[in-house]
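The values are calculated or read from the model by the stated rules, or taken from the named source; none is laboratory data. This one's a predicted model, so the numbers in the text were calculated from it and none came from an experiment. All Cβ positions, even for glycine, are placed from backbone atoms using ideal geometry, and neighbour counts span all protein chains on display.
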Amino acid sequence: MKAEQIQSDIEGLNYWDARVLQLESRFFGDEITMTFEDTNYNVKLSFTGCSKFSFVTTADDRINPLKDMTKSQIPYFLQDVGISEVQSEGKDLLKCEILMPPLNVEIVCNTISINKV
């Protein structure tokens, strides 16, 4: 039920084809944040208590350093965000799968929050 509510809240945003501005990991992956553009503001998805974080992209995607890119050069645009509930080691967790070609992200965590910034 918790995953369904978060999914519904995300679906209420204008995230399709939204430019991803930042994907950041802190505290050895315990906290992960992703910020993307919405119509009138930016949205920050915060994932806490993360036990799994993976991203997959092509080698060509990493030839030019991303830190040197301007905002208009950032190649990541959200195509799909899916939230589901999973169990790991007897714990109820949330799994988030994010498609933003050429980058795909999977995060398993305790909580997900959505904030306008």
Cβ-Cβ under 6 Å, sequence separation 6+ or interchain: first residue in the stretch 79-90 and within 12 Å of Ala3 (Cβ to Cβ), partner of a type in the set (Gly, Ala, Ser) and surrounded by 13 or more Cβ atoms within 10 Å (Cβ to Cβ). Which pairs? Ile83/Ala3; Ser84/Ala3; Glu85/Ala3
Can you tell me which condition Thr33 does not meet? The list is (1) without any contact (Cβ under 8 Å) to a residue 24 or more places away in the chain; (2) part of a helix (DSSP H, G or I), and all the others hold. (2)
All positions within the stretch 52-64 that are in contact with a strand residue (DSSP E or B) (Cβ under 8 Å, 6 or more places away or on another chain) and either farther than 23 Å from Phe36 by Cβ or assigned to a loop (DSSP other than H, G, I, E, B) (or both): Thr57
Could you run through the stretch 76-93 and say how many residues are under 15 Å from the mean Cα position of the chain (by Cα) and either more than 13 Å from Met34 (Cβ to Cβ) or assigned to a strand (DSSP E or B) (or both)? 7
Taking only pairs six or more apart or across chains, which ones have beta-carbon atoms under 8 Å, a first residue in the stretch 95-117 that is within 16 Å of Cys50 (Cβ to Cβ) and modelled with pLDDT under 95, and a second residue that is loosely packed, with under 14 Cβ neighbours inside 10 Å and of a type outside the set (Val, Ile, Thr)? none
Could you go through the stretch 65-75 and let me know if any residue there is of a type in the set (A, V, I, L, M, F, W, C), in a loop (DSSP other than H, G, I, E, B) and either at pLDDT 90 or above or in contact with a helix residue (DSSP H, G or I) (Cβ under 8 Å, 6 or more places away or on another chain) (or both). yes
Go through the stretch 36-51 residue by residue and tally those that are of a type in the set (S, T, N, Q) and either under 23 Å from Gln73 (Cβ atoms) or not in a strand (DSSP E or B) (or both). 4
